[in-house]
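Worksheet: the structure to be examined is printed underneath.
The values are calculated or read from the model by the stated rules, or taken from the named source; none is laboratory data. Only a predicted model underlies this, so the values are computations on that prediction, with no experimental measurement involved. Please note: Cβ atoms are built from the backbone with ideal geometry, for glycine as well, and neighbour counts cover all protein chains shown. Surface areas here come from the heavy atoms of the whole protein model, side chains and all, with no ligands, DNA or RNA. Shrake-Rupley method; radii C 1.70, N 1.55, O 1.52, S 1.80 Å.
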Amino acid sequence: EIHERLVGSEMCIRDSNTTGQSTGTVYQYMANTALESRSDLTATAELVNRLLASGVYSGQNATTKTIDTVGLINRALVAGGGTTREVQSTLLQLSQGLAQGQLQGQELKAIRQYAPYLGNVIIEGLKKQGLGEYSLGDLKELGSSGMLTTERVLKSIELMAEQINKDFEQMPKTWGQAMTNMRTQGSMFLNMLQE
């Protein structure tokens with residue numbers, strides 16, 4: 001199962017790698033991002049892959065920019081205090097919504113239920129973009145109206161990077177996060193053996 005995930009992640013990176021670096025180097029960068037953000041490598045890779053496939057970022061740095069943004073999303077989920085399972089579930093829902101071009105329905109339900117911190121980050125980021133003042137309770141309506149496009153959501157998260165990083169650093173490492181990091185290190189080792 002881990003081998004299949006590694007191959008799937010590498011294939012998508014190979015297909016969309018715009019960095020000029022080897023697929024292995026880019027994979028290593030993504031794995032290190034997952035480790036640093038205490039997040040599941042598979043969920044991180046799925047979100048990276050879906051964002052790359054959607055074409056949100058373009059140009060030579062699209063791949064590394066996507067990985068950096070996903071790392072920021074991971075840190076926001078951890079900063080919100082969610083359990084490992086909640087973070088993985090939210091990442092899955094988020095990847096589906098962002099790949100479709102906007103957040104609505106189930107994605108917003110997952111954010112409100114499991115990741116209200118991320119919801120507030122999005123709200124504050126919209127405010128910084130000059131798109132209005134909203135509350136967490138307005139997310140469903142914003143999604144229904146088409147306001148939460150992938151571009152706006154990612155820009156909101158990027159604008160809140162300083163606060164996210166500060167809050168992330170204050171969160172103690174949990175047992176679940178330590179186990180997640182061990183699985184990621186195991187995947188990295190298997191990838192190294194494959195190369």
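Using label points projected 7 Å from each Cα along Cα→Cβ, tell me how many nm separate T149 and N32, to one decimal.
A separation of 3.4 nm, rounded to one decimal place.
What does a probe at K173 reach in the range 66-80, counting residues whose amide N is under 19 Å from the point 7 Å along Cα→Cβ?
Zone members listed by number: 71-72, 74-80.
Accessible area per residue of the range 10-162 at 1.4 Å probe, in Å²?
Here the per-residue accessible area is 43 Å².
Rounded, prolate or oblate for the range 57-113? Axes are the square roots of the Cα gyration tensor eigenvalues, ordered a ≥ b ≥ c, and the cut-off for rounded is a/c under 1.5. List each step's numbers first, then the result.
Working: a/c = 2.96, a/b = 1.41, b/c = 2.09.
The shape class here is oblate.
Students often get this wrong: which residues of the range 88-124 have the backbone nitrogen under 11 Å from the point 7 angstrom along Cα-to-C-beta of D138?
Those under the cut-off are 123-124.
Under the rule a/c < 1.5 gives rounded, and otherwise a/b versus b/c splits prolate from oblate, where does the range 65-169 land using the Cα gyration tensor?
Verdict is rounded for the range 65-169.
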